[in-house]
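Here's the structure we're looking at; comments come further down.
The values are calculated or read from the model by the stated rules, or taken from the named source; none is laboratory data. Every value quoted in this text rests on a predicted model; they were computed, and no experiment measured them. Using ideal geometry, Cβ is built from the backbone for each residue, glycine included, and neighbour counts are taken over all protein chains shown.
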Amino acid sequence: MKNTFIARNPSVLWFLAALGLFTALVTIASEATGAGLISTSFVKTLGKTLCLCLIAIAMDVVWGYCGILSLGHFAFFGIGGYSIGMWLMYARTEIIVTESLAGRTIPATPQEVSDAIGNQIFGVVGSSEFPLIWAFADSFWMQMAFVILIPGLLALVFGWLAFRSRVTGVYLSILTQAMTLALALYLFQNDSGLRGNNGLSGLQNLPGMDDVSQATVSLAFFLASAAALALGYLLFAWITDSKLGNIIQAIRDDEARVRFLGYHVESYKLFVFTITAIIAGIAGALYYPQAGIINPAEIAPIASIYLAVWVAIGGRGRLYGAVLGAAFVSLLSSWFTGGGAPNINLGFYTVQWVDWWLVLLGLSFVLVTLYAPKGIGGLFDKLVRKS
Amino acid sequence: MRRLFLSLAWLMAFATSAFAQDLQSILQTHAEEVAKPSRNSVGVVMDDLVASGLPQTTAFLEQWAERNIWQNDETGSFFIGIEDGDDLTLTDIDSGEETSVSADGYSQLRPNGGVRRVIGTALVQFQLSDPDPERRLSALESIGRRADASQLPLLIASLEGEDDAAIRARKEQLINFLTARFGENTDDRIAAINSLSKDTSVEARAVLNQILATEVKIADALPQDDNVADVINTLSDHTAYYAQLVDADLAPAMVSSGDVLAALEANVVEGRVGGIPLAQLNSEDARNAAYVELAAAGTVPPLVTADDVTATLDDFYFYSAYDEPDAAITDAARAALDSVETRVGWSQFLDLSLDGLSLASIYFLAAIGLAITFGQMGVINMAHGEFIMMGAYTGYVVQLFVPDYTISLLIALPLAFAVTFGAGVAMERLVIRHLYHRPLETLLATFGISIALQQIAKNIFGTQARPLTSPEWLSGALVISDVIQISYIRIAIFVLALIFLCVLLYILKRTRLGLEVRAVTQNPGMAASMGINPDRINMMTFGLGSGIAGVAGVSIGLYAQVTSEMGANYIVQSFMTVVVGGVGSVFGTLAGAGLIGFLQKGIEWLNPSNTLAAQTYMILFIILFIQFRPKGIVALKGRAAAD
């Protein structure tokens, strides 16, 4: 079975080989192994990019394969980040608080420890009580389960409501956008229990691992992200190649016909929507410890639109296209906005890319939509067919 | 008759001025009482001053109360003096002539508190019948701010000669307020209180609340002689009420967990406190046990347990008692206040509805252009918000060149329409035309245009908000009562929304263009075979929708700040307005804007501190609403509804 699956999809092997080679090269060149050719911060950037690639293939499955343009998948990404962030922040603060209380003659009561942690975490929003949603923040495994469960459940409920009443096409896009906007607005409140617009911070410091250098930690996260991307890629390649995948693509092409053929279209859509939301949650849980901070601005509607942009530029309907698009655009974006690109002096005006990059991105996006609807992946198709 | 009266008045005025030519001479006749006044003796001076009716008396009394009157030790005459180091700037109390002298030889008059109060009362009396209406009004204002029982007879006395209708009404109102609070006769007071039961003004409510002012008292048993307002249930907050007992020295102080900790830390003996090893003191119970041991040894005050607190609280009654001893009056005031509050509630509801209406008109303005491009043509234009922004910036640029705000507004409205009409037509020709059969990709392409336009605006105008100043006649608010008021800008936006609605309906239903637009929307192929050029119509329709967005931008800019992100703030709400209302129907957009506007204000009213939460709940409501009415409020039926 496995052989035939690979045989039918040689691109999966090519992709895994390329990813493996890339990972090995970065590992050898990183500071953690002593070569030091790639700085720790760039390892982090690469690790984050791999996470973005992971959510991009999820987006590609839901949009490119199933035809649901979800403008809310970054909400699931953010929820994954918040879930793991809660544990990271709680556990680290607990260690700090326990250390500071250890010097006292009389040992602290559990209540005092918990009050002190609450004060540390929520002092910034003028509170010290633990909200209900932090009930399991002390348990790593519970929060890890939440990374999967909360995005999955939210997608299940939302998708069930939406698909059941046959909200399709642009209406669904607007509805998912409303969902992520509602979530972002909710999290912006100070009494949301997740520190309002301060968000969760200090996530790059793993609790109890203060002796381990950031170089090692970031390499570990980079490898974990690469592994997650590889597994996610295999999972989605397998799903899209299966009979299930055929039906999903048929739904994209003509939903009514699939329904008339006797398939329960809603269940298939719901499955795709939910599984991609879970993968998005996992990608977020890997991304934010590398980014170090998460705040509600991260899940504003624009983030999800960018996600669609990456997939469209990379080429919809092929998983490697999504990976290419996400990696290409996000790395290019950090190169331009980070001041890497040289400014162009026109004599009367100097084009500073920090200011003009978004204009270039927006316009190139229009051009890709108009003239290259298959994106970068389309170029590969042409090459393959010629040879 | 009238002439006779006039001449009499003139004669009287002449007679008084002839009788006492200047203030100084009146003061000199009472020099002793003025220089060393006491509360009893100063009355004579006041009587004479009041009788003189001299205009400079007011200024003199004010300065006297402020301790700015100085007396020359030799001549005994009085001056207004301002001390400046060793020097003194003297002002003659009659002529107002200023001289500068050395402070030697002058002594300052220092009236005590009692005398100053008498001066104050006299001053009010003067001001209340001052010939200048401004001064009378300011005196009334100060009475309104600091009401006092002594002002009541003065007000009643001054009412007689009052000829200005407005001031007279104000005086009567204040007399009513003062009677309600300080009247001597219970029946008069109750009548005054009852007359307030229809007055929703903040002032009247304050008067009633002052009558109903209470004080929390603690007693062993409920007293019979006190006007008790309410018996307080201490169960709600043990700690706070117990603290009151402690403050009143009726109970021993509570020992907080912090105090326990401090006491334990201070009494560590050989690694133990009260016989318990330190390591075991990591729970509240163990600490309390150790503390009880310490207390038994007499080292620390005894621990007050939660049971002790409840038992002690049970022994006492906490009740609030009215400051006003007469129960009949407090009952009347309570009834009046209840009735006022019902009225205030209704007024607030009306005010909230007005707010909702104006929010709805803003949403309508933002969404109406979209109702054309998205509703009629089915084009998802994510750059619609940027057209709104473009219109607002057009208004801002016009204001830079035309300083008169009214004229600049009149120029900006059509110019904004022209600019965004052009932008819309260009966008339709260059991009959207190629994507009519790929609606999802229109969404992404227009989004690309949206971020490009937003960034360009940011590059040109910077990130800080730009003001779009409204003309003078649009500032301020229409005040209907203390509770209901609405700003003129909001009224103008409402009117503009109405105009837009009418113009749009007219264009769509009564003009050739509208007919062709509807034809192309329903069946482009058939329309083309009837000689309509669908390309041209699509272009015009898109231009119209975009142009309206530009005009909406100017009006929204007047109400909110102009930033490069202002459009993005409205885009999701605008789409929701159109979707909730029902795509393809102008009335649907109206209904959608109404629903969303009123709903948002309603939720804000339930949770006023938090507009973010209101928006969150509103979006959740909309998501649910679309489940049950996927086609919106005004759903098209029949073949027009086909996708």
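Where helices (runs of 4 or more DSSP H) sit wholly within segment A:297-387, those with at least 3 residues that are free of Cβ contacts under 8 Å to residues at least 60 places away in the same chain, more than 9 Å from chain B (Cβ to nearest Cβ) and under 25 Å from A:Leu235 (Cβ atoms) occupy A:319-337.
Going by the structure shown, is B:Asn459 touching a residue at least 60 places away in the same chain (Cβ under 8 Å) and on the phi < 0 side of the Ramachandran plot?
No; evaluated as a whole, the condition is false for this residue.
Out of all the residues in segment B:544-562, is one or more within 14 Å of another protein chain (Cβ to nearest Cβ), closer than 29 Å to A:Gly169 by Cα, more than 27 Å from the chain's Cα centre (by Cα) and not aliphatic (A, V, I, L, M)? Taking every residue of segment B:544-562 in turn, none turns out to be within 14 Å of another protein chain (Cβ to nearest Cβ), closer than 29 Å to A:Gly169 by Cα, more than 27 Å from the chain's Cα centre (by Cα) and not aliphatic (A, V, I, L, M). In this structure, A:Gly169 does not satisfy being small (Gly, Ala, Ser) and more than 9 Å from chain B (Cβ to nearest Cβ). Residues that are part of a loop (DSSP other than H, G, I, E, B) and either touching a residue at least 24 places away in the same chain (Cβ under 8 Å) or more than 7 Å from chain A (Cβ to nearest Cβ) (or both) were ranked within segment B:417-453; the one that is surrounded by the fewest Cβ atoms within 10 Å (Cβ to Cβ) is B:His437. Would you confirm, using the coordinates I've provided, whether A:Arg104 is within 30 Å of B:Val268 (Cα to Cα), of a type in the set (D, E, K, R) and surrounded by fewer than 17 Cβ atoms within 10 Å (Cβ to Cβ)? For A:Arg104, the condition - within 30 Å of B:Val268 (Cα to Cα), of a type in the set (D, E, K, R) and surrounded by fewer than 17 Cβ atoms within 10 Å (Cβ to Cβ) - is met. Looking at B:Leu590, B:Leu599, B:Leu558, B:Leu606, just one residue is within 26 Å of B:Gln399 (Cα to Cα) and not basic (Lys, Arg), and that residue is B:Leu558. Of everything listed in (1) within 14 Å of chain A (Cβ to nearest Cβ); (2) surrounded by 13 or more Cβ atoms within 10 Å (Cβ to Cβ), the single unmet condition for B:Leu313 is (1). All of (1) modelled with pLDDT of 80 or more; (2) closer than 26 Å to B:Ser138 by Cβ; (3) among the acidic types (Asp, Glu) hold for B:Glu66 with one exception: (1).
Scan segment A:109-125 for residues that are among the aliphatic types (A, V, I, L, M) and away from every other protein chain (no Cβ under 14 Å) and the total you get is 3.
Among the residues of segment A:107-130, those that are over 20 Å from B:Glu265 (Cα atoms) and among the aliphatic types (A, V, I, L, M) comprise A:Ile117, A:Ile121, A:Val124, A:Val125. Note on segment B:611-625: residues that are closer than 19 Å to A:Val157 by Cβ and facing another protein chain (nearest Cβ under 7 Å) amount to 5.
Candidates are the residues of segment B:218-258 that are touching a Pro at 6+ places or on another chain (Cβ under 9 Å) and surrounded by fewer than 17 Cβ atoms within 10 Å (Cβ to Cβ); the one that is farthest from the other protein chains (Cβ to nearest Cβ) is B:Asp225.
Being modelled with pLDDT of 90 or more, more than 30 Å from B:Val397 (Cα to Cα) and assigned by TED's automatic domain parsing to the domain that holds B:Ile499 is a property that B:Arg536 has.
Comparison of A:Leu21, A:Leu50, A:Leu54, A:Leu16 shows that the only residue that is surrounded by fewer than 24 Cβ atoms within 10 Å (Cβ to Cβ) and in contact with a Phe, Trp or Tyr (Cβ under 9 Å, 6 or more places away or on another chain) is A:Leu16.
Listed here are the residues, each with its yes/no results for (1) of a type in the set (Val, Ile, Thr); (2) modelled with pLDDT of 80 or more; (3) within 27 Å of B:Leu137 (Cβ to Cβ).
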position	(1), (2), (3)
B:Glu32	no, no, no
B:Lys36	no, no, no
B:Asp86	no, no, no
B:Gly96	no, no, yes
B:Ser102	no, no, no
B:Gln108	no, yes, no
B:Val124	yes, no, yes
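Scoring B:Phe387 on the criteria (1) surrounded by fewer than 22 Cβ atoms within 10 Å (Cβ to Cβ); (2) within 35 Å of the chain's Cα centre (by Cα); (3) not charged (D, E, K, R) leaves a single failure, condition (1).
Filtering segment A:80-108 down to residues that are part of a helix (DSSP H, G or I) and polar (S, T, N, Q), which residue is nearest to the other protein chains (Cβ to nearest Cβ)? It comes out as A:Thr98.
Among the residues that make up segment B:454-467, is at least one of them away from chain A (no Cβ under 14 Å) and buried (at least 18 other Cβ atoms within 10 Å of the Cβ)? Among the residues of segment B:454-467, at least one is away from chain A (no Cβ under 14 Å) and buried (at least 18 other Cβ atoms within 10 Å of the Cβ), which makes the answer yes. The helices (runs of 4 or more DSSP H) found wholly in segment A:109-214 and carrying at least 3 residues that are among the hydroxyl-bearing types (Ser, Thr, Tyr) and in contact (Cβ under 8 Å) with a residue 12 or more places away in the chain occupy A:169-188. Filtered by the rule that a residue be among the charged types (D, E, K, R) and in contact (Cβ under 8 Å) with a residue 12 or more places away in the chain, segment A:90-108 gives A:Arg92, A:Glu94.
Restricting the search to segment B:273-296, which residues are surrounded by fewer than 15 Cβ atoms within 10 Å (Cβ to Cβ) and either more than 10 Å from chain A (Cβ to nearest Cβ) or in contact (Cβ under 8 Å) with a residue 12 or more places away in the chain (or both)? B:Gly275, B:Pro277, B:Glu284, B:Ala296, listed by residue number.
Comparison of A:Arg164, A:Arg195 shows that the only residue that is surrounded by 19 or more Cβ atoms within 10 Å (Cβ to Cβ) and basic (Lys, Arg) is A:Arg195. Scanning segment A:185-193 turns up no residue that is within 12 Å of chain B (Cβ to nearest Cβ) and under 21 Å from B:Phe374 (Cα atoms).
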